[in-house]
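A quick write-up on the structure given underneath.
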Amino acid sequence: MEKKSKRIVSLVTMMLLFFIVMAANFRGCFSAASQTPIKGKPTTPANDRVGSSVFFRVTGNVYPTGHYSVILNIGNPPKAFDLDIDTGSDLTWVQCDAPCKGCTKPLDKLYKPKNNRVPCASSLCQAISTGQNYNCDIPTEQCDYEVQYADLGSSLGVLLSDYFPLRLNNGSLLQPRIAFGCGYDQKYLGPHSPPDTAGILGLGRGKASILSQLRNLGITQNVVGHCFSRVTGGFLFFGDHHFPPSGITWTPMRRSSSDTLYSSGPAELLFGGKPTGIKGLQLIFDSGSSYTYFSAQVYQSILNLVRKDLSGKPLRDAPEEKALAVCWKTAKPIKSILDIKSFFKPLTINFIKAKNVQLQLAPEDYLIITKDGNVCLGILNGGEQGLGNLNVIGDIFMQDRVVVYDNERQQIGWFPTNCNRLPNVDREYNEGFFQPYAAYFGILEERCPATYASEKTKLFTKK
């Protein structure tokens, strides 16, 4: 009898502990289930969370995938959507079951809209509309949007709001209501095939960015960072972060109020550590671009320098290679960048407004090895892509670096690290990085209990 009583007491104790833990988790879900975008200053409880961060696992690579993506859950119950990570645009959107033109996902992977439209009188609707395109005669009407991208692609749709379940690194479970686009007409006119993702995660500086919305809700600081592996994968984080006390290179952002892009400059270009005469560059940091683009004149100067330096080396042109515009081959297929690294000189972008602010690029930071064993230049002619005089730093220049876009302090920073190595809660990451919280990596996958009335789906059409 005594042993049996002890077992009963032990069982009751375990059950009590279980319910205590569950109650704590449920309280976190309920406390945020009713959060909606708010105007003005965040409430006091929200301010207490501004120092938190959210982490996400990243998949993809520069080549051959051609993009980096992350999975976000939307709705309650949550549904997973894989989104292309884009610091070059503001609006987050997913392909819409409305019906949808130009969608690349099957029907069960599309977002099914409910009665969750954002009215056109909303400040966010005005933020995503440009000048004369904004028309709101009836304040309660839906907010239509159209986003144009530099690669000639576009998305047309309706602005909605829904719950975005998030797990913060402090253990809080939140369901903020975020405005996003439901795209029912996508066009892809660029030279490359569209990504196979469900949409775009817009991380720009504008008011419609998910970063700005989380900041206005008092959940995280308006800071985003990513670490893209040279091999595959990496991680992404939102919010104020424990950066190392030293080792980060910072350059100020361009402070134009109308500029929602992450740009910095002026800068000059060095080749093999020597000046090239290329100066005054204004540069845009864009994670939505796989490769780096320079204006036609700058691109041609770089190409001439590289080709001149390859003279007399065992590399010859490979015009049959279709992966990129400029490629070379050797007598045997190239298996690794190490096979040809010594034939190429490093590039350096020197930001001249601050002392010792350089983005140093080894050959592996601007070259790719194709599946056919050729080596290609990951720097492209922006003039041929309709970019005009813009200079865009793409993913290839940012591999195996933590790149931080700090909108609170108006600066962009980076430092080298191994992006294959994800933060782990069981150890301290001592490579000049941060105290990790892998247990809270990514978004909340559990479903917070809530009761929602069934809503009849409305199919949206452009007026």
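The values are calculated or read from the model by the stated rules, or taken from the named source; none is laboratory data. Computed from a predicted structure; not experimentally measured. Glycine gets a Cβ as well: all are built from the backbone with ideal geometry, and neighbour counts include every protein chain shown. Side chains included, ligands, DNA and RNA excluded: accessible areas come from the protein's heavy atoms. Shrake-Rupley method; radii C 1.70, N 1.55, O 1.52, S 1.80 Å.
Before moving on, here are some points about what is shown:
- In this structure the amide hydrogen of residue 289, modeled in the peptide plane, comes within under 5 Å of the amide hydrogens of 395, none closer than 5 places in sequence on its chain.
- Residues 317, 365, 144 ordered from highest to lowest accessible area at a 1.4 Å probe: 317, 144, 365.
- Residue-span extension gain [residue 311 to residue 274] - 0.36 nm each, minus C-alpha spacing: 11.5 nm
- Checked against a 30 Å cut-off, the cross-linked pairs 187/341; 345/371; 274/371; 109/329 give Cα-Cα distances beyond that limit for 187/341; 274/371; 109/329.
- Normalised radius of gyration (Cα atoms, divided by 2.2 N^0.38 Å) for the stretch 64-136: 1.29.
- Remark: the stretch 106-112, residue by residue, has Karplus-estimated 3J(HN,Hα) of x, 4, 6, 9, 8, 7, 9 Hz, where x stands for each Gly or Pro and the curve is 6.51 cos²θ - 1.76 cosθ + 1.60 at θ = phi - 60°.
- The H on the amide N of residue 411, modeled in the peptide plane, is under 5 Å from the matching H of 253, 406, each at least 5 residues off or on a different chain.
- With DNA, RNA and ligands ignored, accessible area of residue 422 (1.4 Å probe; Å², nearest 10): 40 Å²
- Annotation: amide H of residue 391 within the under-5 Å range of 284, sequence separation 5 or more or interchain, hydrogens built in the peptide plane.
- Placing R0 at 22 angstrom, the Cβ-Cβ distance between residue 57 and residue 196 gives a FRET efficiency of 0.80 after rounding to 0.05.
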